[in-house]
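All remarks here apply to the structure that follows.
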Amino acid sequence: MNDITSEKDARALSPLTLAFFGDSVYEVLVREKIVKSGSKPIHTLHSMAVKKVNAGFQSYASEQIEKLLTDDELDIFKRGRNATGNNVPRSSNPKDYHRATGLEALFGYLYLSGQHERMNELFETIYALEPPEK
């Protein structure tokens, strides 16, 4: 595959391809942030990650940052959210899962298009959020 270095190249990818990649980008950012906070038992690290890496939290986070997105970013988010062809796991509700897919597509797009500073800015805003009460 050729290097993807432009917004045009990243935009040309399907929203589910962006989400596939963005899922791993987002999870690495969460894990990096957790590990940089200091050594902890593995079960604690896992619990901390799960609070930020799940469809419910990602859906909530997408609602919180939506007003901060540029028109292009909002377009990518909506393309990911509205993508068809992905099956919703039983452990998630469809609304949360689709919004989480939109957020992952956005992170995939920002990373692949080289917009790392913007990606990190949005991530820091998301990471500072407390998970909503269930």
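The values are calculated or read from the model by the stated rules, or taken from the named source; none is laboratory data. Remember, it's a predicted structure, so these values are computed and weren't measured experimentally. Here the Cβ positions follow ideal geometry from the backbone for every residue, glycine too, while neighbour counts run over all protein chains shown.
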Hey, can you tell me all the residues within the stretch 3-33 that are under 19 Å from Asp75 (Cβ atoms) and either assigned to a loop (DSSP other than H, G, I, E, B) or among the small types (Gly, Ala, Ser) (or both)? Ile4, Ser6, Ala10, Ala12, Leu13, Ser14, Ala19, Gly22
So, Lys40, is that one farther than 26 Å from Arg90 by Cβ and in a loop (DSSP other than H, G, I, E, B) or not? yes
If I filter the stretch 26-41 for residues that are among the acidic types (Asp, Glu), surrounded by 13 or more Cβ atoms within 10 Å (Cβ to Cβ) and out of contact with any strand residue (DSSP E or B) (no Cβ under 9 Å at 6 or more places or on another chain), do I get at least one hit? yes
Out of the residues in the stretch 80-112 that are among the hydroxyl-bearing types (Ser, Thr, Tyr) and at pLDDT below 95, state the one that is nearest to the chain's Cα centre (by Cα). Tyr97
Just give me the residues in the stretch 5-25 being among the polar types (S, T, N, Q) and either in contact with a helix residue (DSSP H, G or I) (Cβ under 7 Å, 6 or more places away or on another chain) or surrounded by 15 or more Cβ atoms within 10 Å (Cβ to Cβ) (or both), in sequence order. Thr17
Here are the criteria: (1) within 11 Å of Tyr109 (Cα to Cα); (2) surrounded by 12 or more Cβ atoms within 10 Å (Cβ to Cβ). Tell me which single one Val53 does not satisfy. (1)
Among the residues of the stretch 77-134, which ones are among the aromatic types (Phe, Trp, Tyr), more than 14 Å from Lys52 (Cα to Cα) and either loosely packed, with under 14 Cβ neighbours inside 10 Å or in contact with a Lys or Arg (Cβ under 9 Å, 6 or more places away or on another chain) (or both)? Phe77, Tyr109
